Structure formats: structure tokens, C-alpha cells
Amino acid sequence: MRNLELSRPRTVRLAVALLAAVLLAAVPGVRATTLTISVLDRAGHPVEDAAVTAAPLDPRLAHASGETDGLIDQVDKTFVPYVTVLRVGTRVRFPNSDNIRHHVYSFSTAKRFELPLYAGRAAAPVLFDKVGVVVMGCNIHDWMLGYVYVTDAPYFGKTEASGTVQLRDLPAGDYQVRVWHPEMEAPEQAAARTVHVDDLGAASSTWTIDRQASLRPRRAPVPGSSGY
């Protein structure tokens, strides 16, 4: 009898936990879904480095929070990564991994800043506190070009070489999804669309964009020299 009495509370607890799980699963927006976005050009080729954001039409679904620290390196006289997508309010460090000095700057409305000639990790972090696209350059190497896409959307990412990106842990609901790329011809607003995400665990959508010629300046040849 004693063993039976001791087992009853455990049985009750298990039943309550099971009931709670069932009720929780029935609440809209509780179960998370992975949204896969594919970005192609008109020729059907995958588009790498496209920024993708998803903002819920119901603000109560905006539960995700991005990193508050970022890093953009300078390697072989290039910005790495070429495109960075981050949440507004993120501080970014700009280490210089080259054995020469760089002078990083931007005149963009979303963020004007300048990191005078430096090497190593001497530069102070930069706070990206406005939404928008920030175009970066180097005052010494004209071909160095990089982009920071700053968003206030709770879910965001960047396409890989396959042209796809996965936005994880989206509650079920409707989202405004935007796609941006440095070479995209149409304005970003023209590519926005509403995507419905259910609670089945996975959803997908495909964008096709028009691309203009590459905006990257040609790299200066420095045969037999270490350059600047």
C-alpha cells in the first residue's frame, strides 16, 4: 500500500505534464518553425550574400534577439565578410589581420564613421545604431568595399553560396520578408512580400531578383610587391 500511495503523486504529475504539453501545442505561435529562403537571379543562379529579414505582422511574435557584438576582419586587403547582417544596436569590432595598415570609413546615412590608419586590433568598436545599409571602404585601397545591413527585424540572416538561408525558431504567423543584395536593381521595398509560417516545423519561399553588374572596384595589380 505504501508503494502504491507513493506512486500516485508521480502518476498525477506525469498526467498534468502531458496535459500541459498538449494544451501548449494547441496555442497558435508556440511551436517554432524554420523558414528557408532561396534567392536566385534571372538566370536561375544562386545569389550569395543576400540579406534576408523576417518581421512578424503581429509584434507579439517578435521573440528572437540577435547578437550585440559583431566582427568584420580585413584579410588580404578585403573586408571579411563582404556583407554583414546585424541587429540595430550591435557593436562591431574591425580587427586588421593584414601586415599593413588600413583606414576604414563610411559616409553612409545609416552610419558615418572613420577608423584612421591602424593595424592589429587597435580600432575601437563601432556602434550601428540606425537601420539601413552602410557602405564601407578603405582610404588606402580603393578596391576594398564592404556592406553592413542593419535591421530592426527580430529574424535575419544571409544567404550562403547555395543561395539559401534558414531563419530559425519563428512562431507561426504572417511575416513581412525582405531581401537585399548590393547588386539588386530594384529597391528593397519592391522585393518585400508577406510569407505565412505555420507550426509544421518547416516552410520555404523563393525570391528571383535582377542583378546589375558587380559594384566591386577592380583590385590594383601589384606584381612583385607587397603593395601598400
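Taken together, the values in this text are just the output of simple stated rules run on the coordinates, not laboratory data. In this text the structure is predicted, and so the values were computed from the model without any measurement. As a convention, Cβ positions derive from the backbone with ideal geometry for all residues, glycine included, and neighbour counts pool all protein chains shown.
Each residue in Ile72, Ile100 was given a count of other beta-carbon atoms within 10 angstrom of its own, and listing them fewest first yields Ile100, Ile72. Calculate the length of the line joining the C-alpha centroid of region 101-180 to that of region 46-82, in whole Å. When both Cα centres are located, 7 Å separates them.
Among the trypsin sites (Lys or Arg not before Pro) in region 53-102, those placed in a DSSP loop whose Cβ has at most 16 other Cβ atoms within 10 Å are Arg101. Charge tally around Leu86: other residues with Cβ under 13 Å, Lys/Arg +1 each, Asp/Glu -1 each, net +2. Estimated at 0.36 nm per residue, the fully extended path between Val88 and Ala161 surpasses their Cα-Cα distance by 23.8 nm. Loop-only check: which GluC sites (Glu not before Pro) in region 115-203 are DSSP coil with at most 11 other Cβ within 10 angstrom? Those that pass, being in a loop and sparsely packed, are Glu185. Residues Ile37, Ile209, ranked from the fewest to the most other C-beta atoms within 10 Å, line up as Ile209, Ile37. Using a Cα-Cα cut-off of under 14 Å, which aspartates and glutamates could be cross-linked to Lys111, ignoring same-chain neighbours fewer than 8 residues away? Correct list for Lys111: Asp129.
Less than 5 angstrom separates the built amide H of Thr84 from those of Tyr147, Val148, Tyr149, all sequence-distant by 5 or more or on a different chain.
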